[in-house]
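What follows is calculated from the coordinates using simple rules that are stated; it is not laboratory data. Because the structure is a prediction, the values reported are computed rather than measured. Please note: Cβ atoms are built from the backbone with ideal geometry, for glycine as well, and neighbour counts cover all protein chains shown.
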Amino acid sequence: MAEAEKSVQGLERRLGHLGDVNMLAIEQYDTAVERIAGLVEDGKLLRDRRDQLVSIAEQLEDERKTRLMAVFDHVNKNFSRVYGILQPYGSGKLRMENPKNPFDGGLEMDCVPPGKSKNTRRSQLSGGEKSMAALALIFAIQDYEPGPFYYLDEVDQNLDPFNAERIATLCRMRSQRAQFMMVTLRKVSLILADHHIGITHAGDGRSRLITDFDRAAALEMSEEFEAERKAQAEAEAERAEMPELPDPEDMPRAPEPLGAPKSLGGLAERAGVEVTEGDAHEEIEAEGGTIESLRERTEDWTEDIVERDAVEQAPDDPEPEPEAEQKEAE
């Protein structure tokens, strides 16, 4: 009997050491399990959405590179052809600085004017030779994607008469498909123009305008015009045979943005904060839309929950005993 009483006393002491029993433990456990399940579901949803966005980004990057390289190859062929016209017995080509990752590098022009070494760098070209290379690039791009008009401001200023005539002749040939407006002081360019607009100084501080000045006779373009037309036809045929580029309408679309996570909504409810899905989305965008801002807000709400739980679990003030009240009254 004594041993039984001793065992009971030992159990009572152990129960006393455990302290007060939390009568809400089961309810709090169920709430925690539900919240963990919500966090797991939100985590899976976010991982799936991340994988989807990464896949879309990779597809768009591949299509962007495909389109760039297809256009580059075509413009490069046009550049080599046009540069050969502007600089007979010369050669020119375009080159990517970073062929593996073309968007991480620029574009270089390797131009070798007639009579110069193949190792000649672009920085070693004269001003006129650089002008010829730049104009060849403009015409090469025009052959791929023609524009309605072109404005050239004294592009022949640094050119010798031979090259100035080449530029004027090429502009004249291409004027059948586009309008060229050129500011020039070179006679050869003026001779090949259809119309002239002259600006002259009258000596009184004002400018005079001379317009509608037609040429007396149309110039014969001879064999060069026919050769240029043939080259243009070949370029158009090559473009028609190019592989079909991806249709922009078939490109993947980014999914609709996700709303506030369900687990965050449960946290707001426990913190006593009323937040609708639209309000939560607007708040996240206002704070920068970053994970860091979302984490900070979650920590603030967690602190509010801890404080509320501490207040709810605090024992009420004990009522004063009758003897103490009687002594205070005396």
- Measure off 7 Å from each Cα along the Cα-to-Cβ vector at Leu24 and His201, then give the distance between these two points in nanometres to one decimal. 9.2
- Query: Are there trypsin sites (Lys or Arg not before Pro) in segment 1-79 that DSSP marks as loop and that have at most 11 other Cβ atoms within 10 Å, and which are they?
  - Reply: none
- Message: For Ser91, what residues show an amide H to amide H distance below 5 Å, using hydrogens built from the backbone and excluding near sequence neighbours?
- Response: Val112
- Query: Using the Karplus equation 6.51 cos²θ - 1.76 cosθ + 1.60 (θ = phi - 60°), what ³J(HN,Hα) coupling, rounded to whole Hz, does each residue of segment 176-182 give in order, writing x for Gly and Pro?
  - Reply: 6, 10, 8, 9, 10, 10, 10
- Note on the structure: Once phi for every residue in segment 156-169 is put through the Karplus expression 6.51 cos²θ - 1.76 cosθ + 1.60 (θ = phi - 60°), the whole-Hz ³J(HN,Hα) values, with Gly and Pro written as x, are 9, 5, 9, 9, 6, x, 5, 5, 4, 5, 4, 5, 4, 5
- Stretched fully, the stretch from Arg64 through Asp160 gains (0.36 nm per residue minus C-alpha distance, one decimal, in nm) 30.4 nm
- Query: What is the set of long-range amide H partners of Leu152 at a cut-off below 5 Å, with H atoms built 1.01 Å from backbone N?
  - Reply: Met181, Met182, Val183
- Hey, how many Å between the Cα centroid of segment 56-106 and the Cα centroid of segment 178-197? 31
- Per-residue ³J(HN,Hα) for segment 53-69, Karplus 6.51 cos²θ - 1.76 cosθ + 1.60, θ = phi - 60°, Hz, x for Gly and Pro: 5, 5, 5, 5, 4, 5, 5, 5, 5, 5, 5, 4, 5, 4, 5, 4, 5
- So what is the relative contact order of segment 1-112, in percent, for Cα pairs below 8 Å that sit 6 or more residues apart? 12
